[in-house]
Every structure is written in C-alpha cells, then in structure tokens.
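Below is one structure; the comments refer to it alone.
The values are calculated or read from the model by the stated rules, or taken from the named source; none is laboratory data. Source: prediction; values computed, not measured. We place every Cβ from the backbone using ideal geometry, glycine too, and count neighbours over all the protein chains shown.
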Amino acid sequence: MGDFATGVTVITTNDDDGNPHSMTANSFTSVCLDPPVVLVCVAHGTNTYGFLESTGRFGVNILSQNQQELGALFARKPEDRDEGVQYNYTLGEAGVPILEGSMVFFGCEVLDSHVYGDHTIYIGEVKEMLRNESKEPLMFFRSRWYNPGK
Ligand SMILES: Cc1cc2nc3c(=O)[nH]c(=O)nc-3n(C[C@H](O)[C@H](O)[C@H](O)COP(=O)(O)O)c2cc1C
C-alpha cells in the first residue's frame with residue numbers, strides 16, 4: 001500500500017467532553033456524488049474510533065503543503081503530541097471541528113459502518129464543504145511525506 005501515493009487528511013471528531021480531537025488518515029475516498037458520500041477506515045485501537053462510534057459525525061480536513069507538521073502531530077497518540085505546535089479549530093455547521101488552514105473541509109454524518117478485521121469503514125454523507133482553492137496538497141508516499149512545497 002505504501003506504493004499508492006495519497007493525499008493526507010485529518011479526521012476531526014469530538015471527544016467525550018465535546019472537545020475537538022484529530023487523527024491523521026489517508027484511507028479516505030469518494031464513494032458517490034449524488035448524494036455526496038465519502039468513506040474513511042478507522043483502526044479500532046485509535047481514540048477516534050471510540051469518538052466516531054459515540055458521536056456519529058466526523059470531519060475530513062484535506063491537508064495543504066504547509067500543514068505537514070500537523071499531519072505528523074496528529075499521527076501520534078495524544079499523550080505523545082508536541083504541545084508547542086500551533087493550530088486552531090472553528091466549529092462547522094454539522095457540529096464538527098474544522099482544522100483551520102486546510103485545503104478542503106467536509107463535515108459528515110455517519111450513514112453506515114462496516115467492520116473489517118481491525119478497522120471499521122465509516123460511510124459519511126457530506127453535509128458541509130469548505131474549499132480554499134489557493135492551497136496545494138500535502139502527499140504521502142512510501143511511508144514518507146511527499147511535499148513539493150518544502
Ligand atoms: C499518513 C498517515 C495516514 C494514516 N492513516 C490512517 C487511517 O486511514 N486510519 C487509521 O485508523 N489510522 C491512520 N493513521 C494512524 C493514526 O493517525 C494514528 O494511529 C493516531 O495516533 C490515532 O490517533 P487517536 O488514537 O488519538 O485517534 C495514519 C498515519 C499516518 C502517518
């Protein structure tokens with residue numbers, strides 16, 4: 001799978017206290033356009049899995065080239081995340097946190113989910129979309145960031 005070059009997203013959810021939570025993910029794809037539906041695969045060992053199960057909502061923030069540091073930050077467990085890295089959230093119409101500075105944001109409601117092995121596939125209907133056309137995408141390839149902007 002490492003030979004399949006992808007973009008990089010951060011999946012945003014709300015934790016049990018309602019605070020924003022983020023996780024880096026590249027298992028994101030479009031499912032259909034009408035209605036607008038996307039999917040993401042979430043490992044059962046992640047915090048995000050528990051938060052998605054309880055809230056039924058998630059955000060997909062497609063990272064731009066200048067957010068590589070955030071991609072690396074949110075790939076770590078919360079207890080290992082560097083507190084010095086700066087980022088901000090706003091709240092989307094779908095009640096999902098938006099990671100500021102991302103290229104695209106989709107606010108999604110879970111329509112369906114399927115368990116396969118150690119992951120669950122979440123199928124989400126896009127309720128909100130924000131797009132910043134001036135940004136270029138961060139990419140991931142062979143276990144490394146692929147960032148022409150750096
Ligand atoms: C480029 C990249 C892509 C990733 N994609 C996924 C993914 O699609 N699904 C997943 O469950 N974890 C993925 N991960 C791993 C999670 O980001 C990592 O387990 C994270 O610590 C989970 O955070 P959480 O437990 O606080 O939710 C990816 C990591 C990287 C670096």
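Select from the stretch 51-81 the residues that are polar (S, T, N, Q) and assigned to a helix (DSSP H, G or I) and write down the one among them that is nearest to the ligand (Cβ to nearest atom).
Gln68
Out of Ser143, Ser113, Ser134, I need the residue that is among the hydroxyl-bearing types (Ser, Thr, Tyr) and in contact with a Gly (Cβ under 6 Å, 6 or more places away or on another chain). Which one?
Answer to the check: Ser143.
Yes/no per residue for (1) free of Cβ contacts under 8 Å to residues at least 24 places away in the same chain; (2) among the aromatic types (Phe, Trp, Tyr):
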site	(1), (2)
Asp3	no, no
Val8	no, no
Gly18	yes, no
His21	no, no
Phe28	no, yes
Leu33	yes, no
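For the stretch 35-50, give me each residue that is outside any strand (DSSP E or B) and loosely packed, with under 15 Cβ neighbours inside 10 Å.
Pro35, His44, Gly45
State which residue is nearest to the ligand (Cβ to nearest atom) when the search covers only the stretch 7-21 and only residues that are under 20 Å from Glu136 (Cα atoms) and buried (at least 18 other Cβ atoms within 10 Å of the Cβ).
Here the residue is Val8.
Among the residues of the stretch 22-34, count how many are surrounded by 15 or more Cβ atoms within 10 Å (Cβ to Cβ) and part of a loop (DSSP other than H, G, I, E, B).
Count: 2.
If a residue has to be more than 8 Å from the ligand (Cβ to nearest atom) and within 21 Å of Ser143 (Cα to Cα) to count, how many in the stretch 24-43 make the cut?
Of the residues in the stretch 24-43, 1 are more than 8 Å from the ligand (Cβ to nearest atom) and within 21 Å of Ser143 (Cα to Cα).
Considering only residues that are modelled with pLDDT of 95 or more and more than 17 Å from Cys41 (Cβ to Cβ), look in the stretch 137-150 and name the one that is surrounded by the most Cβ atoms within 10 Å (Cβ to Cβ).
The qualifying residue surrounded by the most Cβ atoms within 10 Å (Cβ to Cβ) is Leu138.
Kindly evaluate Ile98 against the criterion of being part of a strand (DSSP E or B), under 23 Å from Val37 (Cα atoms), among the aliphatic types (A, V, I, L, M) and within 13 Å of the ligand (Cβ to nearest atom).
Against the criterion (part of a strand (DSSP E or B), under 23 Å from Val37 (Cα atoms), among the aliphatic types (A, V, I, L, M) and within 13 Å of the ligand (Cβ to nearest atom)), Ile98 does not qualify.
Condition check: in a strand (DSSP E or B) and without any contact (Cβ under 8 Å) to a residue 12 or more places away in the chain. Does Val115 satisfy that?
yes
Looking for whichever is surrounded by 14 or more Cβ atoms within 10 Å (Cβ to Cβ) and either modelled with pLDDT under 95 or within 17 Å of Met139 (Cβ to Cβ) (or both) here; the options are Gly71, Gly84, Gly59. Which one fits?
Gly71
Against the condition aliphatic (A, V, I, L, M) and under 17 Å from the mean Cα position of the chain (by Cα), how does Val104 come out, does it pass?
Criteria met by Val104.
Please verify whether the stretch 101-112 includes one or more residues that are assigned to a loop (DSSP other than H, G, I, E, B), farther than 18 Å from Val40 by Cα and in contact (Cβ under 8 Å) with a residue 24 or more places away in the chain.
yes
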